[in-house]
1. Report, by residue number, each residue of region 9-19 that is outside any loop (DSSP other than H, G, I, E, B) and surrounded by 19 or more Cβ atoms within 10 Å (Cβ to Cβ).
2. Could you tell me how many of the residues in region 91-102 are surrounded by fewer than 21 Cβ atoms within 10 Å (Cβ to Cβ) and in contact (Cβ under 8 Å) with a residue 12 or more places away in the chain?
3. Anything in region 175-197 that is more than 20 Å from residue 84 (Cβ to Cβ), in contact (Cβ under 8 Å) with a residue 60 or more places away in the chain and not in a loop (DSSP other than H, G, I, E, B)? List them, or say none.
4. Consider region 52-65. How many of its residues are in contact with a helix residue (DSSP H, G or I) (Cβ under 7 Å, 6 or more places away or on another chain) and farther than 22 Å from residue 129 by Cα?
5. Quick check, is residue 76 more than 22 Å from residue 120 (Cβ to Cβ), buried (at least 20 other Cβ atoms within 10 Å of the Cβ) and in contact (Cβ under 8 Å) with a residue 24 or more places away in the chain?
6. Among the residues in region 103-111, are any outside any strand (DSSP E or B) and either surrounded by 15 or more Cβ atoms within 10 Å (Cβ to Cβ) or within 12 Å of the chain's Cα centre (by Cα) (or both)?
7. Kindly provide the set of residues from region 112-129 that are free of Cβ contacts under 8 Å to residues at least 40 places away in the same chain, surrounded by fewer than 14 Cβ atoms within 10 Å (Cβ to Cβ) and outside any loop (DSSP other than H, G, I, E, B), ordered by number.
8. Only one of these is in a loop (DSSP other than H, G, I, E, B), closer than 23 Å to residue 120 by Cα and modelled with pLDDT under 95: 160, 142. Name it.
């Protein structure tokens, strides 16, 4: 079984190199200023130049307006736009058409009722990403909170578009996550950090090794 991996929230050359040499298929840059993983477009552009052919660069945005998207996309060569906010299907379609870049929409999962939205998003997005619904507190971020949702909600389900599993993944639970959900693509951020916003290259390599061993 081949499990593809995405390391999200990269902000330093060392961790980026650990991701691409370790076999990550996707690398993610966060363009959401409140996040400790946020990077300036100028830095992301430098990092993107280190990404080899065959690895896709993903830009994570949270309810971005056109001006901000243009500001980033004009500087950073992105292969995929990840919308991680409250964007509705109409907005997803607008972004996809305007920038001619494939779009992945995050689905925040807290219970079975949240999966209904996935089918609506799948009509307009190129890919889906299932992440844990943020905790109900003011300081919670839209993603990257290091918590998992009930993976059994995805067990036996199929979706009309390719999808990734995110939320609370670590090198230690990769095998269990794949076994329960049937995911063939995994997205990790806080699970490979030694402190908020700082990727540990050793943890990045450990996560990628665990996924490659499946």
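The values are calculated or read from the model by the stated rules, or taken from the named source; none is laboratory data. Fair warning: this is a prediction, and the values are worked out from it, not measured in the lab. Cβ coordinates were reconstructed from backbone atoms using ideal geometry, including for glycine residues, and neighbour counts include every protein chain displayed.
1. Within region 9-19, the first condition is being outside any loop (DSSP other than H, G, I, E, B), and the residues that meet it are 13-19.
Hits for region 9-19 are 15, 16, 18, 19.
2. Step one: list which residues in region 91-102 are surrounded by fewer than 21 Cβ atoms within 10 Å (Cβ to Cβ), which gives 91, 93-94, 96-102.
From what is left, the residues that are in contact (Cβ under 8 Å) with a residue 12 or more places away in the chain are 93, 96, 98-99, 101-102.
The qualifying residues number 6.
3. Taking region 175-197 as the starting set, the residues that turn out to be more than 20 Å from residue 84 (Cβ to Cβ) are 175-176, 178-180, 182, 184, 194-195.
Adding the requirement that they be in contact (Cβ under 8 Å) with a residue 60 or more places away in the chain leaves 178, 184.
Scanning region 175-197 gives a single hit, 178.
4. Of the residues in region 52-65, 1 are in contact with a helix residue (DSSP H, G or I) (Cβ under 7 Å, 6 or more places away or on another chain) and farther than 22 Å from residue 129 by Cα.
5. On the way: more than 22 Å from residue 120 (Cβ to Cβ): yes; buried (at least 20 other Cβ atoms within 10 Å of the Cβ): yes; in contact (Cβ under 8 Å) with a residue 24 or more places away in the chain: yes.
Judged against the criteria, residue 76 is a match.
6. From region 103-111, those outside any strand (DSSP E or B) are 110-111; that's our starting set.
Pick out the ones that are also either surrounded by 15 or more Cβ atoms within 10 Å (Cβ to Cβ) or within 12 Å of the chain's Cα centre (by Cα) (or both) and you get none.
For region 103-111, residues outside any strand (DSSP E or B) and either surrounded by 15 or more Cβ atoms within 10 Å (Cβ to Cβ) or within 12 Å of the chain's Cα centre (by Cα) (or both): absent.
7. 113, 116
8. Numbers: 160 fails: modelled with pLDDT under 95.
Every option except 142 fails the conditions.
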